[in-house]
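Structure first, commentary second.
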Amino acid sequence: MGSVCGIVGFIIYLGIAFILENFWWQKIPVETTQNQLTVLGSPLHSQINMDGHLLKGLAMILFIIAFLGLTRLLETERPRLSSRIGGLFGIIACPIMVAQMLAQGTVRVRLGRMFISATDEAQRQSIVVLYKGLQSFDMGLDLAFDTFFFAAWILLGLSMFKSEYFGKIFGALGIVLFGITAVLKIWTAPNPPSFEMAPIVSFWALAAYVQMLRSAKSIWTEEKRTFWED
């Protein structure tokens with residue numbers, strides 16, 4: 001269950017990000033804040049924007065189940081403090097991102113509509129200033145999410161390093177990737193780093209959920225075989 005939720009969550013999250021980036025934002029003029037607000041305030045684009053944020057929020061809810069499942073799998077071998085704390089940090093991180101996605105989507109749509117309906121330039125400039133200020137709030141929530149999310153995967157990677165289901169190479173790779181990403185994020189905070197590691201670490205996490213599914217199937221098959229032998 002947890003592995004399936006993790007895989008589906010990544011497909012939704014990365015799929016929405018890829019589609020919006022390549023088939024929406026690149027097709028419309030968003031070079032300036034004024035252009036962004038004009039686009040976000042239109043009925044079609046406001047709906048696309050809001051639906052995209054809702055789907056990303058749904059992906060994060062699925063990740064909560066995925067973190068629970070991964071922690072349980074790692075605990076089947078033996079209790080590990082790193083897996084318990086890592087799973088807890090992951091569960092804490094997901095609601096932060098859900099809140100950010102819903103707040104960000106709502107603010108963008110609302111301010112976009114206000115910008116379009118503004119009657120004079122002074123009102124429009126006030127909305128632009130407010131929009132830029134709220135973007136800083138988004139960056140703070142994103143940093144809070146990154147702190148818990150990266151710490152979660154580093155600790156879970158440590159548990160994977162000691163787990164027969166994942167192994168030393170897989171676990172070490174996760175620790176290194178998320179460790180480097182965390183350092184880059186902290187070093188450039190609150191601004192995003194010039195080199196984005198998110199796609200790389202995302203595919204490693206996806207691979208972790210695929211391996212989790214394989215391991216769960218192996219455990220289930222072994223338990224079924226033992227049951228019939230007994």
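Students often get this wrong, so try it: which of [x] 79, 64, 34; [y] 61, 39, 31; [z] 79, 37, 26 is Cα extents along the principal axes in Å as calculated from the structure shown?
Recomputing Cα extents along the principal axes in Å here gives the entry labelled [z].
Treating the beta-carbon of each Lys and Arg as +1 and of each Asp and Glu as -1, no other charges, what is the dipole magnitude of region 2-213 about its Cα centre, to the nearest 20 debye?
The calculated dipole for region 2-213 is roughly 360 debye.
Every number here is computed from the coordinates shown, using simple stated rules; none is lab data. Just so you know, these numbers come straight off a predicted model, no measurement behind them. Neighbour counts run over all protein chains shown; Cβ positions are idealised from the backbone, glycine included.
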